[in-house]
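Notes to accompany the following structure.
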Amino acid sequence: MKNIKFIVEKHDDGYIAYPLGIQGGVVGEGETSEEALNDAKSALNFHIETFGISVLETESPILDASIVEPSF
């Protein structure tokens, strides 16, 4: 399987994680970042089993991601 990058966000009530560049919605949650990432990886595996490996195929794969705070 190709390398998948995940975003992990910390919120007041825990963590969420989701993969970048996947067709469809895949999200994991947990009390720790590791729990959220493991949940998201499990959800991604289920997503692939359900919809096929083609959900990983995108026209423009994401090579990197950054967090920015633009001024308005």
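The values are calculated or read from the model by the stated rules, or taken from the named source; none is laboratory data. All figures in this text were calculated on a predicted structure; none of them were measured in a lab. Positions of Cβ are generated from backbone atoms using ideal geometry, with glycine treated the same way; all protein chains shown enter the neighbour counts. Surface accessibility is based on the protein's heavy atoms, side chains included, excluding ligands, DNA and RNA. Shrake-Rupley method; radii C 1.70, N 1.55, O 1.52, S 1.80 Å.
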| request: Apply the Karplus parameterisation 6.51 cos²θ - 1.76 cosθ + 1.60, with θ equal to phi minus 60°, to every residue of region 65-72 and state each ³J(HN,Hα) to the nearest whole Hz, in sequence, with x for glycine and proline. | output: 9, 9, 9, 10, 10, x, 8, 10
| Carbon plus sulfur fraction of accessible area for the chain, probe 1.4 Å, in percent | 51
| note | The answer for Val27, listing residues at least 5 apart or on another chain whose modeled amide H is closer than 5 Å to its amide H, is none
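Keeping all protein chains in place, calculate the accessible area per residue for the chain (probe 1.4 angstrom), answer in Å².
On the way: 5620 Å² over 72 residues.
In whole numbers, the chain has 78 Å² accessible per residue.
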| note | Expressed as a whole-number percentage, the relative contact order of the chain with C-alpha contacts under 8 angstrom and at least six residues apart is 24
| query | Quick one: Karplus J couplings for region 43-52, per residue in order, coefficients 6.51, -1.76, 1.60, θ = phi - 60°, nearest Hz, x for Gly and Pro? | reply | 5, 5, 4, 4, 4, 5, 4, 6, 10, x
| Reduced Cα scattering model of the chain, Debye log10 I(q)/I(0), q = 0.12, 0.18, 0.22, 0.25 Å⁻¹ | -0.35, -0.73, -0.97, -1.12
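Once you charge only the Cβ atoms, +1 for Lys and Arg and -1 for Asp and Glu, what is the size of the charge dipole of the chain about its Cα centre, to the nearest 20 debye? Please list the in-between numbers first.
Working: 4 positive and 13 negative charges, 68 e Å.
That gives the chain a dipole magnitude of about 320 debye.
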